[in-house]
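Notes follow the structure.
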Amino acid sequence: MKNTYLTSHFPLFSILLFGLSFALYAERLITAWLAEIGLYTGMLEFFSETGIRVTLTFFLLLFFFMIFSALKLIAGTMIELSLLFFSKDKEGEELRKIRSGTWIYFIASLLSLLFIFYPAGIAVTFLAATTVYFIYFVYRVSDSLSGAGMFGLIFFHISFWCVSAAAVGYAGLRLYNSFIKSLPL
């Protein structure tokens, strides 16, 4: 029996596991920083060490969960928009075909737990899963695309994500520069 909804929970688990990987790394980094500046010992007067770590991990998991959820929402919208613009499919068969690609992110999120000491490893795992999923997506929907549609779909996704990354990078750089300029040196 093949149930199309059998893997419907994989995106949630993938988001949680990727978020947990980044949260565990960030928790150790923040705890070390708090100890370095002397705040951690003061916090220990009010909370236990385990309580601080668990609370910090929870809030970081929530933060990364929101980021990955937003990315999933945007990616899902971009996939459906690209299929609207470039696919010949009118019934939604292509969306059913690509649903099994959630395995890619789920396996990658499990692997990301191995890299909780190396944030670059987590990021590379996420980017590798994204690349493999994109190739899988293009392969699965290629039957309903013309040559021009295939080019348009690939160009649409690559240009959207490049422009989005550039915009976020530019905004972050502007914010950083304004912060540095406001410091009284």
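Putting +1 on Lys and Arg Cβ atoms and -1 on Asp and Glu Cβ atoms, find which of Leu20, Thr57, Ser100 reaches farthest to the positive end of the dipole of the range 10-145.
So the residue furthest toward the plus end is Ser100.
Give a residue-ordered list of calculated ³J(HN,Hα) values for the range 80-93 (Karplus: 6.51 cos²θ - 1.76 cosθ + 1.60, θ = phi - 60°; whole Hz; x for Gly, Pro).
Computed from phi, the couplings for the range 80-93 are 5, 5, 5, 5, 4, 6, 10, 8, 8, 5, 10, 9, x, 5 Hz.
How large is the dipole of the range 10-145 about the Cα centre if only Lys and Arg carry +1 and Asp and Glu carry -1, each at its Cβ, rounded to the nearest 20 debye? Spell out each step's value before the answer.
Values: 9 positive and 10 negative charges, 64 e Å.
That gives the range 10-145 a dipole magnitude of about 300 debye.
Quick one: how many lysine pairs does the chain have with C-alpha atoms less than 27 Å apart and a gap of 8 or more or different chains? Give me the count, please.
Summing the qualifying lysine pairs gives 8.
I need the phi-derived Karplus couplings for the range 21-26: 6.51 cos²θ - 1.76 cosθ + 1.60, θ = phi - 60°, integer Hz, Gly and Pro marked x.
Coupling constants for the range 21-26: 4, 5, 5, 5, 5, 5 Hz.
Could you please report the charge total around Ser144, scoring K, R as +1 and D, E as -1 over all other residues with beta-carbon less than 14 angstrom from its beta-carbon?
-1
For the range 46-159, what is the relative contact order in percent, using Cα pairs closer than 8 Å and at least 6 residues apart in sequence?
Averaging sequence separation for qualifying contacts and normalising by length gives 33 percent for the range 46-159.
Between Ala166 and Glu93, what FRET efficiency follows from the Cβ-Cβ distance if R0 is 41 Å, with the result rounded to 0.05?
According to the calculation, E is roughly 0.75.
Calculate the FRET efficiency for Leu34 and Ile135 from the Cβ-Cβ distance with a Förster distance of 41 Å, rounded to the nearest 0.05.
E between Leu34 and Ile135, to the nearest 0.05, is 0.45.
When the Karplus curve 6.51 cos²θ - 1.76 cosθ + 1.60 is applied with θ = phi - 60°, which whole-Hz ³J(HN,Hα) does each residue of the range 176-185 get, with x for Gly and Pro?
Calculated HN-Hα couplings, in order: 4, 5, 5, 5, 5, 5, 7, 6, x, 9 Hz.
Tell me which label goes with the value of Cα Rg over 2.2 N^0.38 Å computed from the coordinates here: (i) 1.15; (ii) 1.33; (iii) 1.29.
This structure yields the entry labelled (iii).
Before rounding to the nearest 500, sum -39500 (n - 2.57) across all DSSP H runs of length at least 4 in the chain and divide by the residue total; then give [θ] at 222 nm in deg cm²/dmol.
-28000 deg cm²/dmol
Binning at 5 Å from 0, report for the range 34-134 what percent of all alpha-carbon pair distances ends up in each bin.
Histogramming the range 34-134 at 5 Å steps yields 2, 10, 13, 18, 14, 12, 10, 7, 5, 3, 3, 2, 0 percent.
What residues have an amide H closer than 5 Å to that of Tyr118, excluding those fewer than 5 places away on the same chain, when H is modeled at 1.01 Å from N in the peptide plane?
Close amide H contacts, sequence-distant or interchain: none at all.
Using a Förster distance of 22 Å, how high is the FRET efficiency between Leu185 and Thr41, based on the Cβ-Cβ distance and rounded to 0.05? Mind dumping the intermediate values first?
Details: r = 29 Å, r/R0 = 1.33.
My answer for the efficiency is 0.15.
By how many degrees, between 0 and 90 and to the nearest 10, does the Cα long axis of helix 102-112 differ from the longest principal axis of the chain?
Taking Cα atoms only, the helix is inclined about 30 degrees.
All of the numbers you see were taken from the coordinates with simple rules; none came from a lab. Because the structure is predicted, anything quoted here is derived from the model rather than measured. Counting neighbours? That spans all protein chains shown, and the Cβs are built from the backbone with ideal geometry, glycine included.
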